[in-house]
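Reading through the structure tokens given below for one structure.
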Amino acid sequence: MASWIDRIGAGLVLKQPEMLDHDWIPSELVGRDDQLVALASMFSGIEAANGSGRAVVTGPVGSGKSAMSRVFAREMSRHHSAKRNIQWMHINCRNNPSESQVLQRIINELDPRHPDRGLGTGEILSSIRRMVRKDDSHMIIILDEVDHLMRKSGDSLIYRLLRIDEEYGEGGTLSLILISQEQVLDMFETAVISRFGRLNHLRLEGYDEEGLLGIVRQRAELALIPDSVEDSVLRLIAEAAAPSGDARVVIDLLANSARLAEKEGRSEILPSDVQILSVSRPENSDDSLIEELSAHAMLLLIAICRRLKSAAEISSGDAESLYKVVCEEYEQAPRGHTTLWKHLKHLEQCNLLKVRSGTVSEGRGRTQHFSMPHLLPVDIEKRLEALVKARLRR
Ligand SMILES: Nc1ncnc2c1ncn2[C@@H]1O[C@H](COP(=O)(O)OP(=O)(O)O)[C@@H](O)[C@H]1O
Ligand SMILES: [Mg+2]
């Protein structure tokens, strides 16, 4: 076999790559318990014969709306299985934006062989009702990216689904979960939310750095070969993704840095794998601020970059000692501790470094750790070495 073929997907880092796909959902969500409880409160009594629930879930891209709704429906179904047969289905309205497409999807999920006979909405709705009730079931329908349906076909289908039991004695056939990004909501959809009731509206926030770290740790544990990535590198991924608050960004960074490592025949993800990918994100491409730095801020940053070429982070103490070495190299008298702190603060404000407070070490207060999630240390070091020479000549 050709040797190049050994280098692709060699399984050096990735154990279960499918677990890094966008649609793959872990059996447990990280850090969303409070939100799951809130959702459950909108479905209390669903296990009773006539019970049902309804919810609108909104939030930015990658806040876990789709994953959470699916995990919720699956758990509801499992949890109440002794009392009631609760089925669920997930329909993405982006791919099925018209009323008839949504109806067709629902009916096909219920009966894959159901003929597409051009029935009217009323007839289809009563077949849906009949099929669900036939085996004493209840159905949770998740309409994801529902703004596409509303924009194309209005909101009448949603109201008809909500009233599917109206002319019958028995209710509780369907529950509905509507999902939309908050930013794309218009008046129309806001009206639907108010129809559902404010108490049935769950707003998800984007994830903060700790939330993203939890998600990427879980995914690394599941999808990668043990010990192929250090926790400090996972934190670097979370830091790189933090401005977006988007869980998809950490998962993509993990998947793609694993692929970069494998492509180079390594069995470990390095900080630079993450940084190379992070630098290429358009919102991170502005590093022109380094040209404005003072000479000693440059020397300090050179010292930090040298460490960050191989490590994900550096402590403030190490930064200070390495800075002194760099000063020697450039024949400069090192500046004092207080000045260095000012430079570090400035580098952080310019978004060139990211700071994290570590655990308290004996008698010295909290150690700070610095990392460079949005830039590639080796590039910055090279640029600074050229810049600082010019700066010192002045
Ligand atoms: N709390 C979480 N725990 C684990 N994985 C999560 C969590 N939230 C989101 N994810 C994962 O992140 C990705 C994006 O989430 P998704 O539900 O598609 O976001 P949204 O629908 O809000 O755009 C999915 O792969 C999902 O499985
Ligand atoms: Mg989604």
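Values in this text are rule-based calculations from the coordinates and carry no lab data. Predicted model, so just to flag it, every value in this text is computed and none were measured. Cβ coordinates were reconstructed from backbone atoms using ideal geometry, including for glycine residues, and neighbour counts include every protein chain displayed.
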Item to check | Cα-derived Rg to Rh of the stretch 66-141, Kirkwood definition | outcome: 0.99
Checklist entry - Among 314-322, 268-276, 98-106, how do they line up from the highest to the lowest mean number of other beta-carbon atoms within 10 Å? => result 268-276, 98-106, 314-322
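Fewest first, what order do 164, 237, 380, 304 take by the number of other Cβ atoms within 10 Å?
Working: 164 19, 237 32, 380 23, 304 29.
By the 10 Å Cβ count, ascending, the order reads 164, 380, 304, 237.
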Next on the checklist: Quick check: from the Cα gyration tensor, does the stretch 303-347 come out rounded (a/c under 1.5), prolate or oblate?
Outcome noted: oblate
Checklist outcome for this item: Under the 7 Å Cα-to-Cβ spin-label approximation, residue 98 and residue 37 lie apart by a distance in nanometres of 4.6 nm
Next on the checklist: Can you work out the Karplus-derived ³J(HN,Hα) for every residue in the stretch 63-80? Use 6.51 cos²θ - 1.76 cosθ + 1.60 with θ = phi - 60°, whole Hz, and x for glycine or proline.
Outcome noted: 8, x, 4, 5, 4, 5, 5, 5, 4, 4, 4, 4, 5, 4, 4, 5, 4, 9
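For every helix of n ≥ 4 consecutive DSSP H residues, a contribution of -39,500 (n - 2.57) applies; sum these over the chain, divide by its total residues, and give [θ] at 222 nm rounded to the nearest 500 deg cm²/dmol.
Values: 16 runs with 189 residues, N = 394.
For the chain, the value works out to -15000 deg cm²/dmol.
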Next on the checklist: Once each part is reduced to its C-alpha centroid, what is the distance from the stretch 10-87 to the stretch 206-222 in angstrom?
Outcome noted: 17 Å
Checklist outcome for this item: To the nearest 0.05, the calculated FRET efficiency linking residue 22 and residue 87 through their beta-carbon distance, R0 being 35 Å, is 0.90
Checklist entry - What is the Rg over Rh value, at two decimals, for the chain, using alpha-carbon atoms and the Kirkwood definition of Rh? => result 1.11
Checklist entry - Ranked highest first by the average count of other Cβ atoms within 10 Å around their residues, in what order do 131-138, 369-376 fall? => result 369-376, 131-138
Checklist entry - Size of the dipole of the stretch 88-129 about the Cα centre, Lys and Arg at +1 and Asp and Glu at -1 on the beta carbon, nothing else charged, in debye to 20? => result 60 debye
Checklist outcome for this item: Sorted on mean Cβ neighbours within 10 Å (highest first), peptides 62-70, 196-204 come out as 62-70, 196-204
Item to check | Contour excess over end-to-end distance, with Cα ends at residue 181 and residue 332 and 0.36 nm allotted per residue | outcome: 48.9 nm
Item to check | Dipole magnitude of the chain about its Cα centre (Cβ charges: Lys, Arg +1; Asp, Glu -1), debye to nearest 20 | outcome: 220 debye
Checklist outcome for this item: For 305, 350, ascending order of other Cβ atoms within 10 Å (fewest first) is 350, 305
Next on the checklist: Principal axis extents for the stretch 287-392, Cα atoms only, whole Å, descending order, please.
Outcome noted: 41, 30, 24
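Would you please name the trypsin sites (Lys or Arg not before Pro) within the stretch 305-357 that are DSSP coil residues with at most 14 other C-beta atoms within 10 Å of their C-beta? Working shown, then result.
Details: sites: 306, 307, 309, 324, 335, 342, 345, 354, 356; in loops: 309, 335.
When the trypsin sites (Lys or Arg not before Pro) of the stretch 305-357 are filtered for loop state and at most 14 Cβ neighbours within 10 Å, nothing remains.
What's the FRET efficiency of residue 315 with residue 256 using the Cβ-Cβ distance as r and R₀ = 30 Å, to the nearest 0.05?
0.60
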Next on the checklist: Explain nothing, just the number: relative contact order of the stretch 32-203, from Cα pairs under 8 Å at least 6 residues apart, as a whole percent.
Outcome noted: 35 percent
Next on the checklist: Cut-off under 30 Å on the C-alpha distance; same-chain residues fewer than 8 positions from residue 15 excluded. Which lysines are left, in chain and number order?
Outcome noted: 65, 263, 309
Item to check | Three-way shape label, the stretch 32-203, alpha-carbon gyration tensor, a/c 1.5 | outcome: oblate
Checklist entry - Which of 343, 211, 53 sits closest to the plus end of the dipole of the chain, meaning its Cα is farthest towards the positive end, when Lys and Arg get +1 and Asp and Glu get -1 on the C-beta? => result 343
